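Only one structure is covered here, and it is reproduced in the block below.
The values are calculated or read from the model by the stated rules, or taken from the named source; none is laboratory data. It should be emphasised that the depicted structure is a prediction, and the values quoted were computed from it without experimental measurement. Here the Cβ is made from the backbone with ideal geometry for all residues, glycine too, and neighbour counts use every protein chain on show.
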Amino acid sequence: MAVILDGLKVSQDIKEEIKREVDKIVEKGLRPPHLAAILVGENGASKAYVSSKVKDCQEVGFTSTLTKLPDTVNEKELLEQIELLNQDDSIDGFIVQLPLPKSIDQETVINAIDPKKDVDGFHPENFGRMALEMDAYLPATPYGIMTLLERYNIETKGKHCVVIGRSRIVGRPMSILLSSKGNPGDSTVTVVHSHTQNIEQFTRQADIIIVALGAPKYLKADMIKSGAVIIDVGITRVEDDGTKGYHLEGDVDFESCKEVAGWITPVPGGVGPMTRAMLMKNTLLAYKKHGK
Ligand code: GUN
């Protein structure tokens, strides 16, 4: 039976650490860090994510500002809002919640964010700096996974990590961080994706598997090695039968995999809360580096 990697507990520890720093800042008479978010449209998951981020800000003592825009907003109007946040010295960092309506080009929007305020770490400048092992805001989900591995003292050096998925916000940066120098890091990484043949031949060899596909219960017990570390990034809303409700499902078949794995993250309560805590951490970093 695997050790459960308790992302909820670790994220609470991290938020308490941040809160203690913020308390010291405020005791000195300085303003607390300030995170802003732009939410476009009415996507239910996006609304839930953004309100969680606002709640996290309250918990750690940050100021937060939420700008809600209708899904009829055009690209120019959104870029104007971004410029306002870029210019506002009272805001340390901000995020534009994704996905955006199809009429708006995501890349243009991300490129418009001042890299100094890009606490999601999505701007090409931050991504490039991360890939070059320079100081950068790390994207919150991969950063959260690295922190979870670190806090559980899971050895990554020389291990074989298989990353399933190559998205810009999880799979690709995850593969870069795991293969970067350092601890955690120094791994040998294989990235598998929709064009990979025979994915199981890779996952069965892996010491650590990071699954970021958005395919509920994709990873089964017969696809993993005994004692492997299993990190589940998936969080798909699956409708409950006959009701309007839904529940969240990960990409890992938790019940079967937990019998074979050495360590495993639950969904919910694994990677999700770690992601949220790392956004707070990046905002504190932005405040310390550039806060006026
Ligand atoms: N949509 C899904 N995950 C994220 C995230 O980490 N940041 C933003 N801005 N949008 C997202």
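Table: residues versus (1) within 15 Å of the ligand (Cβ to nearest atom); (2) in a strand (DSSP E or B); (3) in contact (Cβ under 8 Å) with a residue 12 or more places away in the chain; (4) over 16 Å from L5 (Cα atoms).
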position: S194; (1), (2), (3), (4): no, no, no, yes
position: E200; (1), (2), (3), (4): no, no, yes, yes
position: H247; (1), (2), (3), (4): no, yes, no, yes
position: A261; (1), (2), (3), (4): no, no, yes, no
position: A277; (1), (2), (3), (4): yes, no, yes, no
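Quick test for you: out of A140, A112, A131, pick the one residue that is under 16 Å from L78 (Cα atoms) and of a type outside the set (S, T, N, Q).
Numbers: A140 fails: under 16 Å from L78 (Cα atoms); A131 fails: under 16 Å from L78 (Cα atoms).
Going through A140, A112, A131 in turn, just one is under 16 Å from L78 (Cα atoms) and of a type outside the set (S, T, N, Q): A112.
Condition check: in contact with a Lys or Arg (Cβ under 7 Å, 6 or more places away or on another chain), within 16 Å of the ligand (Cβ to nearest atom) and of a type in the set (A, V, I, L, M, F, W, C). Does A45 satisfy that?
Values: in contact with a Lys or Arg (Cβ under 7 Å, 6 or more places away or on another chain): yes; within 16 Å of the ligand (Cβ to nearest atom): yes; of a type in the set (A, V, I, L, M, F, W, C): yes.
Against the criterion (in contact with a Lys or Arg (Cβ under 7 Å, 6 or more places away or on another chain), within 16 Å of the ligand (Cβ to nearest atom) and of a type in the set (A, V, I, L, M, F, W, C)), A45 qualifies.
Of everything in the stretch 254-286, what is charged (D, E, K, R) and out of contact with any Phe, Trp or Tyr (no Cβ under 8 Å at 6 or more places or on another chain)? Give them in sequence order.
Listed by number, the residues that qualify are E255, K258, E259, R276.
Which one is modelled with the lowest pLDDT among residues in the stretch 87-107 that are surrounded by fewer than 17 Cβ atoms within 10 Å (Cβ to Cβ) and among the polar types (S, T, N, Q)?
Checked the stretch 87-107; the qualifying residue modelled with the lowest pLDDT is S103.
Of the residues that sit in the stretch 49-70 and are outside any strand (DSSP E or B) and either within 14 Å of the ligand (Cβ to nearest atom) or at pLDDT below 95 (or both), which one is surrounded by the most Cβ atoms within 10 Å (Cβ to Cβ)?
That would be K53.
Quick check on I113: is it buried (at least 20 other Cβ atoms within 10 Å of the Cβ), closer than 29 Å to I230 by Cα and in contact with a helix residue (DSSP H, G or I) (Cβ under 9 Å, 6 or more places away or on another chain)?
no
Grab the helices (runs of 4 or more DSSP H) fully contained in the stretch 76-155, keeping just those with 1 or more residues being over 15 Å from L177 (Cβ atoms) and within 11 Å of the ligand (Cβ to nearest atom). It would help to see each step written out before you state the result.
Working: elements: 106-112, 124-131, 140-151.
By residue number, 106-112.
Kindly provide the set of residues from the stretch 1-48 that are among the aliphatic types (A, V, I, L, M), farther than 30 Å from V109 by Cβ and assigned to a helix (DSSP H, G or I), ordered by number.
L8, V10, I25, V26
Within the stretch 182-238, how many residues turn out to be closer than 22 Å to K157 by Cβ and among the hydroxyl-bearing types (S, T, Y)?
Residues in the stretch 182-238 being closer than 22 Å to K157 by Cβ and among the hydroxyl-bearing types (S, T, Y): 5 in total.
Suppose we filter the stretch 156-179 for residues that are part of a loop (DSSP other than H, G, I, E, B), of a type in the set (S, T, Y) and under 18 Å from F122 (Cα atoms); how many remain?
1
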